[in-house]
1. Would you check which residues across the stretch 103-117 are assigned to a strand (DSSP E or B), among the aliphatic types (A, V, I, L, M) and open to solvent by 20 Å² or more (accessible area, probe 1.4 Å) and list them?
2. Just the residues that are of a type in the set (S, T, Y) and modelled with pLDDT under 95, please, taken from the stretch 107-140.
3. Mind telling me which of the residues M79, M88 ends up being out of contact with any helix residue (DSSP H, G or I) (no Cβ under 7 Å at 6 or more places or on another chain), open to solvent by 40 Å² or more (accessible area, probe 1.4 Å), among the aliphatic types (A, V, I, L, M) and within 16 Å of T48 (Cβ to Cβ)?
4. On the basis of being of a type outside the set (S, T, Y), loosely packed, with under 14 Cβ neighbours inside 10 Å and in contact (Cβ under 8 Å) with a residue 12 or more places away in the chain, does A69 make the cut?
5. Working only within the stretch 72-104, note down all residues that are in contact with a Lys or Arg (Cβ under 9 Å, 6 or more places away or on another chain), among the aliphatic types (A, V, I, L, M) and under 10 Å from A62 (Cβ atoms).
6. For the stretch 64-98, how many residues meet the condition of being under 22 Å from S140 (Cβ atoms) and modelled with pLDDT under 95?
Amino acid sequence: MKFIRKWCAAFMLGVLITVPAAPFMALAADGVSAGNAWVRATAPGQKTAGAYMDLTSDADAALVAVESAVAGKAELHSMSMDAGVMRMRPVAKIDLPAKKAVKLAPGGLHVMLLDIKQPLKEGDKIALTLTIRGGGNAPSTVKVEAQVRAAGSASMHGH
């Protein structure tokens, strides 16, 4: 009887920890939420694409990495005008100041998906895993589903 009670208690604790956490993982980790996530559709043979979204954090944090099964690699990038030339450069992190929306958008901060393994077609959805570091805590992740949008849906800015 004592064994059954312990087993039931352990099982219920596992259910209580696992079930509520599952739906919220896509929405927040350490108070970080992502919205309006999208990826630019690719042309035949194209091996790169930009990923964009709006990020908000409850406390100071930083986006430090992104992964996706559709790409061999993902990098954080910034774009800026330099002497009339648009320049894109990798960045080590994207700061997420507390309570301020950070927009990853064409022509500015964004995620570059490199070595894309399959064409990205309008209407598809792809999974992105964001790695967030904040407040000296261990990194945490945010799972994001991004909609693939047609190339003409927003300014290309070099993508």
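1. Kept after step one, since they are assigned to a strand (DSSP E or B), are these residues of the stretch 103-117: 103-104, 110-116.
Filter again for among the aliphatic types (A, V, I, L, M), leaving 104, 111-114, 116.
If the condition is that a residue be assigned to a strand (DSSP E or B), among the aliphatic types (A, V, I, L, M) and open to solvent by 20 Å² or more (accessible area, probe 1.4 Å), then L114 is the only one that fits.
2. Once the filter is applied, which keeps residues that are of a type in the set (S, T, Y) and modelled with pLDDT under 95, the stretch 107-140 yields only S140.
3. M88
4. Details: of a type outside the set (S, T, Y): yes; loosely packed, with under 14 Cβ neighbours inside 10 Å: yes; in contact (Cβ under 8 Å) with a residue 12 or more places away in the chain: yes.
Taking the combined requirement at face value, the residue satisfies it.
5. If the condition is that a residue be in contact with a Lys or Arg (Cβ under 9 Å, 6 or more places away or on another chain), among the aliphatic types (A, V, I, L, M) and under 10 Å from A62 (Cβ atoms), then L76 is the only one that fits.
6. 0
The values are calculated or read from the model by the stated rules, or taken from the named source; none is laboratory data. This is a predicted model, so every value here is computed, not measured. Positions of Cβ are backbone-derived with ideal geometry, glycine not excepted, and every protein chain shown enters the neighbour counts. Surface accessibility is based on the protein's heavy atoms, side chains included, excluding ligands, DNA and RNA. Shrake-Rupley method; radii C 1.70, N 1.55, O 1.52, S 1.80 Å.
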